[in-house]
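Reviewing the structure listed below.
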Amino acid sequence: MRLILIDRSAEIRFNFFPLALGRPLWELRCGMSCLKEKLVAKIKPDDVAYFVPDYMAEHYRKQASGPVNDASALSGADLIIVDPLVKAGDFNVAAKGKSEIGLNEDGRVIYARISKGDAKRFSSRDIEGFIASAKAGLPGVVCKVPTWQYTWDLVLANPEQITAEFSAADRSGIDGAVEEPVAIRGNKKSVYVARGAKIHPMVTIDAENGPVYIDEDAVIQPFSRVEGPCYIGRKSILLGAKCREGNSIGPYCRIGGEVEESIIHGYSNKYHDGFLGHSYVGEWVNLGALTTNSDLKNDYSSVSVMLDGRQSIDTGSTKVGSLIGDHTKTSIGTLLNTGSYLGAMTIIMATGKPLPKYIPSFAWFVEGIVTKGFGKGRLYETARTAMSRRKCNWTPEAEAMWDAVFEMTSPERMAAIKKGRKTLVK
Amino acid sequence: MATVEERVKAVTARKLGVDEVKMSDNFTADLGAESVDSIELVAMFEEEFGIEMDEDAALSVQTVGDAVKFITKVCKEQGVEIE
């Protein structure tokens, strides 16, 4: 049976910007794994095929283990098509059975189970045509499986996801190296230190309120405090960090200062002091020393976020920090307001004041205004340099994808630049 | 209407806080512009002339005289009336 993951709706993808700008939705992380890994663990398919927005197909093809945007994957096997935003823990549809389509109350396809024989009937050149035919030709059933709605849902659910996945992994104990004195508080069965991981002396691992999973080759340096639930990814380093509850970090991150209930994708650095709370950070991000975000308003009201620079969305939560896109760099002393949005590939040169809540992708924030800065060419050079330092390649496919993102995000960037110009010429 | 040269000099003097600007002045060596100033100068020139400049090309301009030539060329290309 083949799992088909589809991420082609611009409207749905928008809710996960800026993180979704450079990756399909199922690559978003929550707990100890990404959404795809959760679905694969739940459904246990023989293989997986992917349908992504055209602009990222070439780039994603280099990373994916299965076919990408290949309509031939829609035949030759029984298919289970699942909305990648389905909460895997709540998805209890049998992967095998008669062909049917599960629709939510808005008519959105949550899943489609299509036998190999039925799939032949719906053959089409593209995935949209295939789904439309299947929707018309198969019995529909009402499906009430919950889905992730926004990026902050993932952040807010992170502690419970870590706890659930720690239980499912069924691992505990020390396979790595622990250099005494190290304090482990709480139930020792709620701690796992994987092979190759090193816990330096004077570290506290506090599993009293949730499990702590330290993955292979991670290093926890002296004076770090790691509170569960927490997941530290492979080869990540904590540098005397106050790692409060609910964090998922890495792989290959370097984290210092205070971090609370945040998700940080791979290869991102927050080396120095400064607070990061209830935030979602993309990959190849660098947060300069003393970069600090607010995740709680002074009046304890619910936090709103702007995903397009115009309309505020009420998150319904009193705790939401920042959404920070891939390859974004902040200067020393950057202050981020509650519910801030920093697009992908932005450069922030802080002025000492809290930033505006919305900084578009590819913007250079200089002297308190959004500018075109040195342009995207310089950003690509920086990305190439940062990646080569970790033995990763900036590829032509990546550049083509980011070129497309640059075009897509041009209207909001130009609007912000125009607004800044008014300040500049005063 | 003021000439391109006069307008470029006026914007430069205003942004960099200098009294006198010569065509031969180098933005960095003679007028003390730092990289951040360059970004803002490009933005101010775009606003002054109502043009769009390629960042890489604009930021490679070294002197006030070169800026005048470059902006004149861009104005002509983009059909912006000058002088």
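A short reminder: the numbers here are calculations on the coordinates, not readings from a lab. Since the structure is predicted, the reported quantities are computational estimates derived from the model, not experimental observations. As a convention, Cβ positions derive from the backbone with ideal geometry for all residues, glycine included, and neighbour counts pool all protein chains shown.
Assorted remarks:
- Dipole in debye (nearest 20) - the protein assembly as shown, about Cα centre, beta carbon charges: Lys, Arg +1; Asp, Glu -1: 1280
- Stokes-Einstein, applied to the Kirkwood radius of segment A:2-149 over Cα pairs at a viscosity of 1.306 mPa s and 10 °C, places its translational diffusion at 103 µm² s⁻¹.
- Hydrodynamic radius of segment B:4-77 per Kirkwood, over alpha carbon pairs, in Å: 12.0
- Fluctuation leader among A:196, A:288, A:240 - chain A, Gaussian network, Cα springs under 10 angstrom: A:196
- Reachable aspartates and glutamates, given that their alpha-carbon falls under 13 Å from the alpha-carbon of residue B:22 and they are not under 8 places away in the same chain: B:5, B:6, B:30, B:66
- Lys/Arg +1, Asp/Glu -1 at C-beta; chain A dipole; positive extreme among A:408, A:26, A:298: A:408
- Helix-only [θ]222 nm of the protein assembly as shown, DSSP H runs n ≥ 4, -39500 (n - 2.57) each, per residue, nearest 500: -9000 deg cm²/dmol
- Normalised by residue count, segment A:289-426 yields a Cα convex hull volume of 123 Å³ per residue.
- Relative to the Cα centre, the charge distribution of segment A:2-149, modelled as +1 at Lys and Arg Cβ and -1 at Asp and Glu Cβ, gives a dipole magnitude of about 320 debye.
- Rounded FRET efficiency, nearest 0.05, which uses the C-beta distance separating residue A:92 from residue A:188 and R0 of 22 Å: 0.10
- Applying a threshold of 22 Å to the alpha-carbon distances of A:353/A:376; A:42/A:98; A:44/A:198; A:87/A:116; A:422/B:69 flags A:353/A:376; A:44/A:198; A:87/A:116; A:422/B:69 as lying beyond it.
- DSSP bridge orientation in the protein assembly as shown - percent antiparallel, rounded to nearest 5: 20
- Here the simple spin-label model places points 7 Å from the Cα toward Cβ, and for residue B:2 and residue A:10 these points are separated by 4.2 nm.
- Cα-based Rg of segment A:265-340 normalised by 2.2 N^0.38 Å, two decimals: 1.09
- R0 of 45 Å, Cβ-Cβ distance residue A:302-residue B:24: FRET efficiency to nearest 0.05: 0.15
- Angle between chain B longest axis and helix B:4-16 axis [Cα atoms, degrees, rounded to 10]: 40
- For the residues A:170, A:217, A:308, a GNM of chain A with alpha-carbon springs under 10 Å puts the largest fluctuation on A:170.
- Binned Cα-Cα distance frequencies in segment A:221-308 - 10 Å width, integer %: 19, 53, 23, 6, 0
- Every pair of different Cα atoms in chain A enters the Kirkwood calculation, which places the hydrodynamic radius at 22.4 Å.
- Geometric descriptor of segment A:152-368, per residue, is 101 Å³ (volume of the convex hull of the Cα atoms).
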